Amino acid sequence: MELPKAYEPQKTEDKIYQLWEKSDFFSPEANQSRADNPNKNKTYTIVIPPPNVTGSLHMGHALNAVIQDILIRKKRMEGFRTLWVPGTDHAGIATQNVVEKNLKKEGKTRFDLGREKFLELVWQWKEEYGNIILNQFKKIGASCDWSRARFTMDKDYAKAVETAFLHYHEKGWIYQGKRVVNWCPRCATSLSDLELEHQEEKSHLWYIQYPLALRQAQGDDNFIIVATTRPETMLGDTAIAVDPHDKRYKKLIGQKVIVPLVNREIEIIADELVDEEFGTGAVKVTPAHDLTDYEIGQKHNLAIIQVIDEKGKITKEAPLPYQDMKVKEAREKIVEDLKAQGLLEKIEDYTHQVPKCYRCAAGIELLPSLQWFLKMSELAKLAIKAVGEGKVKFIPKNFEKIYLDWLYNIKDWCISRQIWWGHKIPIKGTDDVLDTWFSSALWPLAVLGWPQKTDDLKTFYPTQTLVTARDIINLWVARMVFSGLEFSGKEPFQDVIITPTVLTKEGKRMSKSLGTGIDPLNLIEKYGADATRFGIAFQLMGGQDMKFTEDNIVMGRKFCNKLWNASRFVLMKISETDKTPDVNEKTSGVKGFGEGFRKSLIMEKLDRTIKSVNKDLDNYQFGQAAHTLYDFFWHDFCDQFLERTKDKKDGQTKAILLHTLLTSLKLLHPFVPFITEEIYQQLPIENKKKCLMIEKWPE
RNA sequence: GGGCGGUUAGCUCAGCGGUAGAGCACUGCAUUCACAUUGCAGGGGUCAUAGGUUCAAAUCCUAUACCGCCCACCA
């Protein structure tokens, strides 16, 4: 068979992917063809981190998919019953926002449509776009079992969510209460702490005089000054607090002051939570709109006056002139009014971190709201223990700290959201839906059929390896660990590989809105999926970040071409005689070519390469393995050995050529599956399998 | 404010106690014999800075400076 001179990925990849899909070897039922397979009763399962139905493939997904595919393909060749479960996440707020945005183009809001109609639209969106990203995973060569694809709002999945909720409820861990929560005025919903993003903002510290209700003795100040970053919340002040040890204010404790503009009389109280070093050492207390203030309020039995509502506007609890103003307007007017009354002592520049919604970047308000909470103390203990005892391991290990720090300081989880797209809270009279992460937390269990006692659950749970990004270690990974333990008694996975964050070459975050992203599909189109995969893998050297450069993909393409042409050479060389060398799975299986076969330099190097690649992959050192394979194949095999065979025609040389090529193809297959499969299909070997994908992995 | 990671050739990164390496880029030569997406040869680095440990430090320790990320109720 004549191979073209240059490898043409565009002509090969779809064809090869179809070959694989037709073979059914992506499913664990079909890939156990070898009788001599010592691993045939062992399973190896990965569940994909389900991408949001809003998105399309970005470099983070590509990186994530490449790693998982390398792992699963190697295990499959080792004879494990491998299962890689794909799927998508309904991504509550994110998806709802996308659909709302579309609606806005027609000048409508979701409230114009009503809940039912709006949800129909979201489902339509899901049907239309939900699988796009999964199809893009196919482009990159992902060997998922597509027949087992799941969506977090499938009917069965909803059953799992309901079961989990009711289980917690029965245990008394779920409660409803009015608490000060993070509120996104744009999305009109509560958010958990993990759903906030902090952004630095240049603002001011306003120093405001609060006049004392009773005039003090001559010579004393007749007011107390507080410093605040949020003057507008003074409308809801119900106390002034100072550090109990602060000598400056000792004699004022217990005195009353008048809240300017509001004319409410409030008390000066003492509380340990106040830091005498900051500002003036006196702080206004607004229990309705600040967590620390809320805490102080609880201790001192302060009234909670809500002056900001769910739309980010000033409520009727505030004086008339400010009512219905947006927070920002109210702030400006209040500062002006204070100035006019001579109560504004000074304004300082002040830079601080302000919370924003992680889905829409709107400024977060803290306000009292009736929400559902999940008690976390016992669940956190489970998750801590799993990592503490080494049942769940993070790679790299230092990410365990992020996980543990969060769990040690855990607060109860606000699980209700006031949006429409999601799992409804299974309690009558509640229209709220669950935090999208409540359902994601059940992913490894639910995709395998839990709470039903399915065969899949029995066979493939717990899974082995989770490959994910570090920004969802707590949001997702920690919650999967305690969910898995609570509902099955088993950790949902053993190893958690935290992938590097893909940055631009300049070291900036890749972002769609900034236009700094690189579309992996463009790379695939331009260089081929294998080149893209190899380029990515080559760069996976264990750093926390990865400044992405296309140069590596260029390298990947060159390497694939080298692989292609070396294979052409070997095939030409072999066809110089009629006799096809008898190459078996093991080096020793090559008959009739004498001792020289095993003792040749190239065979020794091949052997070292096999050992090295196995060791690296066992330790998840993907980049190192790729480098080793590159060096061996290009420099040892092509530059050295292959050059020296050009004037040789003996059988032994041919056997070594074919054997080394075949072994290299096997080792390279997890990295560059398409081209290796395409070449394998052309090899004149005995006992040829239907696909390289299920050939025996070299050990 | 706390924590984590980074700072090595023009660029992206390995090396982590014993005479500086790879890919890409660059220079010269070769060439239609698997591959020009090639081969051979080569140029290029006081390994962020300052101290310290050691016979020996890019590599260990301590500071400092930038860069990135995570966490945090200093109003």
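The values are calculated or read from the model by the stated rules, or taken from the named source; none is laboratory data. If you're wondering where the values come from, they're calculated on a predicted model, not measured in any experiment. Counting neighbours? That spans all protein chains shown, and the Cβs are built from the backbone with ideal geometry, glycine included. Only protein heavy atoms, including side chains, enter the accessible area calculation; ligands, DNA and RNA are left aside. Shrake-Rupley method; radii C 1.70, N 1.55, O 1.52, S 1.80 Å.
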Quick one: with all protein chains in place, what share of the accessible area of chain A is carbon or sulfur, to the nearest percent (1.4 Å probe)?
-> 48
Simple spin-label estimate for residue A:351/residue A:120, 7 Å along Cα→Cβ, in nm, reads 5.2
With every protein chain kept in place and a 1.4 Å probe, the range A:284-363 has an accessible area per residue in Å² of 56
In the range A:66-159, the trypsin sites (Lys or Arg not before Pro) that sit in a DSSP loop and have at most 16 other Cβ atoms within 10 Å of their own Cβ are A:108
Take the alpha carbon gyration tensor of the range A:1-81, find the square roots of its eigenvalues, order them as a ≥ b ≥ c, and report rounded if a/c is under 1.5; if not, report prolate when a/b exceeds b/c, else oblate.
-> oblate
Would you please give the residues with an amide H less than 5 Å from that of residue A:415, counting only those at least 5 places away or on a separate chain, with H modeled from the backbone geometry?
-> A:372, A:373, A:374
Among A:97, A:122, A:30, flag the residue with its Cα farthest along the positive direction of the charge dipole of chain A, charges on Cβ as +1 for Lys/Arg and -1 for Asp/Glu.
-> A:30
Distant-in-sequence amide H partners of residue A:540 (H built 1.01 Å from N, under 5 Å) = A:623
Report the FRET efficiency, 1/(1 + (r/R0)^6), for residue A:106 and residue A:424, where r is their Cβ-Cβ distance and R0 is 25 Å, rounded to 0.05.
-> 0.40
Along principal axes, largest first, the alpha-carbon spread of the range A:490-544 in whole Å comes out as 43, 27, 21
Have a look at the range A:223-338 and give its Rg and Dmax from the Cα atoms, expressed in angstrom.
-> 13.7, 41
Value in Å of the Kirkwood radius, where chain A supplies the Cα pairs that are averaged | 29.0
Within chain A, helix-based [θ] at 222 nm, where runs of 4 or more DSSP H residues each add -39,500 (n - 2.57), nearest 500 = -11500 deg cm²/dmol
Rounding to the nearest 20 debye, state how big the charge dipole of chain A is about its Cα centre with +1 on each Lys and Arg Cβ and -1 on each Asp and Glu Cβ.
-> 1920
By the gyration tensor of its Cα atoms, with a ≥ b ≥ c the square roots of the eigenvalues, what is the shape of the range A:614-699: rounded for a/c under 1.5, prolate for a/b over b/c, or oblate?
-> oblate
In whole angstrom, how far apart do the alpha carbon centroids of the range A:323-338 and the range A:156-184 sit?
-> 37
Do any GluC sites (Glu not before Pro) in the range A:1-95 lie in a DSSP loop with no more than 10 other beta carbon atoms within 10 Å, and if so, which?
-> A:2
Projecting the Cα atoms of A:83, A:426, A:306 onto the charge dipole of chain A, where Lys and Arg contribute +1 and Asp and Glu -1 at Cβ, the residue farthest towards the positive end is A:83
May I ask you to compute the full-extension gain from residue A:298 to residue A:198, defined as 0.36 nm times their residue separation minus their alpha-carbon distance, rounded to one decimal in nm?
-> 33.4 nm
Among A:364, A:621, A:669, whose Cα sits farthest toward the positive end of the charge dipole of chain A (+1 at Cβ of Lys/Arg, -1 at Cβ of Asp/Glu, about the Cα centre)?
-> A:669
Length added when fully stretched, residue A:643-residue A:519, from 0.36 nm per residue minus Cα-Cα = 40.8 nm
Report the calculated FRET efficiency for residue A:509 and residue A:541 (r = Cβ-Cβ distance, R0 = 25 Å), to the nearest 0.05.
-> 0.80
Accessible solvent surface per residue of the range A:224-268, calculated while the other protein chains remain in place, 1.4 angstrom probe, Å² = 37
With no solvent and one equal point scatterer per Cα, compute the Debye intensity ratio I(q)/I(0) for the range A:279-347 at 0.19, 0.24, 0.27 Å⁻¹ and report its log10, rounded to two decimals.
-> -0.92, -1.14, -1.15
In degrees between 0 and 90, to the nearest 10, how far off the longest principal axis of chain A does helix A:9-23 point, with axes built from Cα atoms?
-> 90
So how far apart, in nm, are the two label points at residue A:253 and residue A:608 if each is 7 Å from Cα heading toward Cβ?
-> 7.5
Modelled FRET efficiency - R0 60 Å, residue A:635 with residue A:389, Cβ distances, 0.05 increments = 0.85
Cβ-defined net charge surrounding residue A:535, 9 Å radius [Lys, Arg +1; Asp, Glu -1] | 0
Can you work out ³J(HN,Hα) from phi for every residue in the range A:430-442, in order, using Karplus 6.51 cos²θ - 1.76 cosθ + 1.60 and θ = phi - 60°, giving whole Hz and x for Gly and Pro?
-> 10, 8, 5, 10, 7, 3, 4, 6, 5, 7, 4, 4, 9
Please identify the chymotrypsin sites (Phe, Trp or Tyr not before Pro) of the range A:293-400 that satisfy two criteria: DSSP loop assignment and at most 13 other Cβ atoms within 10 Å. Which are they?
-> none
Within the range A:168-284: Cβ-based charge dipole about Cα centre, in debye rounded to nearest 20 (Lys, Arg +1; Asp, Glu -1) | 460
Tally the DSSP beta bridges in chain A and give the antiparallel ones as a percent, rounded to 5.
-> 70
Residue-wise HN-Hα coupling along the range A:176-184, computed from phi with Karplus coefficients 6.51, -1.76, 1.60 (Hz; x: Gly, Pro) = 10, x, 8, 10, 6, 10, 6, 10, 9
Tell me, what HN-Hα J-couplings in whole Hz come from the Karplus equation 6.51 cos²θ - 1.76 cosθ + 1.60 at θ = phi - 60° for each residue of the range A:102-119, using x for Gly and Pro?
-> 4, 4, 4, 4, 8, x, 10, 10, 5, 6, 5, 7, x, 4, 5, 4, 4, 5
Summed residue charge, Cβ within 14 Å of residue A:207's Cβ, Lys/Arg positive, Asp/Glu negative | 0
According to the square roots a ≥ b ≥ c of the eigenvalues of the Cα gyration tensor, what is the shape class of the range A:63-191, taking rounded for a/c under 1.5, prolate for a/b larger than b/c otherwise, and oblate for the remainder?
-> oblate
If we count every other residue with Cβ under 14 angstrom of residue A:476's Cβ, Lys/Arg +1 and Asp/Glu -1, where does the sum land?
-> -2
